[in-house]
1. Treating cross-link reach as a plain straight distance, find the lysines whose alpha-carbon is under 27 Å from the alpha-carbon of residue 52, omitting any fewer than eight places away in the same chain.
2. Report relative contact order for the chain in percent, whole number only (criteria: Cα-Cα under 8 Å, sequence separation at least 6).
3. How tilted is helix 74-84 with respect to the longest principal axis of the chain? Cα atoms for both, answer in degrees (0 to 90, nearest 10).
4. So, by mean Cβ neighbours within 10 angstrom, what's the order for 105-114, 85-94, 44-53 with the highest one leading?
5. Determine the shape class of the chain: with a ≥ b ≥ c the square roots of the Cα gyration tensor eigenvalues, call it rounded for a/c under 1.5, and otherwise prolate if a/b is greater than b/c, oblate otherwise.
6. Who wins for biggest fluctuation among 99, 58, 18 in a Gaussian network model of the chain, springs between alpha carbons below 10 Å?
Amino acid sequence: MKTQTAQQTSGNSLTGKKVVILGGSAGIGLATAQAAAAAGAQLVIVSRSIDKVNSALKSLPATATGLTADLSDEEQIKALFAKIGGFDHLVYTAGENLKLSNVADTNMDNARRFFYTRYWGAFTAVKHAAS
Ligand SMILES: NC(=O)c1ccc[n+]([C@@H]2O[C@H](COP(=O)([O-])OP(=O)(O)OC[C@H]3O[C@@H](n4cnc5c(N)ncnc54)[C@H](OP(=O)(O)O)[C@@H]3O)[C@@H](O)[C@H]2O)c1
């Protein structure tokens with residue numbers, strides 16, 4: 001008699017699915033990549049540093065690939081999705097750590113800068129990924 005894993009019975013397997021993780025070389029993105037790999041996904045991880053991408057790939061199956069792009073730059077995002085081609089799922093976790101201060105002490109240029117990657121980067125990624 002065959003036994004089924006929880007993943008098989010829930011129908012959530014990512015086997016055969018290509019999953020793109022922007023920010024996948026560290027932290028939440030890398031943890032997501034590892035979980036998706038365990039569920040059978042074929043992975044593409046992306047971040048700015050080739051060293052971080054290569055280091056992260058060591059903890060993923062050999063089928064995983066990595067690319068570099070600065071997600072605060074629309075031209076780089078556009079070129080990235082042209083390289084990646086078709087895929088099934090997009091995960092966006094890229095972002096720098098916030099440096100918080102009291103509202104009264106906030107430098108508005110610095111505060112706005114935090115939106116480049118974490119907000120506009122995600123928006124721009126969806127713009128170019130949608131096609
Ligand atoms: N960890 C938490 O508990 C937590 C809680 C709430 C919110 N968040 C937010 O969630 C996001 C991810 O958190 P995390 O802990 O996973 O951070 P992390 O460990 O620092 O990982 C961030 C990832 O994003 C990439 N990245 C950053 N800027 C990029 C850019 N301009 N273009 C391309 N890739 C970029 C980094 O690689 P490169 O340096 O190679 O580019 C890295 O792979 C952050 O914005 C963080 O503030 C985290």
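1. By straight Cα distance, residue 52 reaches 17, 18, 78, 83, 99, 127.
2. Relative contact order comes out at 24 percent.
3. Result, in degrees: 10.
4. 44-53, 85-94, 105-114
5. The shape class here is prolate.
6. Maximum among the listed residues: 99.
Only the coordinates and a few stated rules stand behind these numbers; no lab work does. This one's a predicted model, so the numbers in the text were calculated from it and none came from an experiment. A quick note on method: Cβ atoms are made from the backbone with ideal geometry, for glycine too, and the neighbour counts reach across all protein chains shown.
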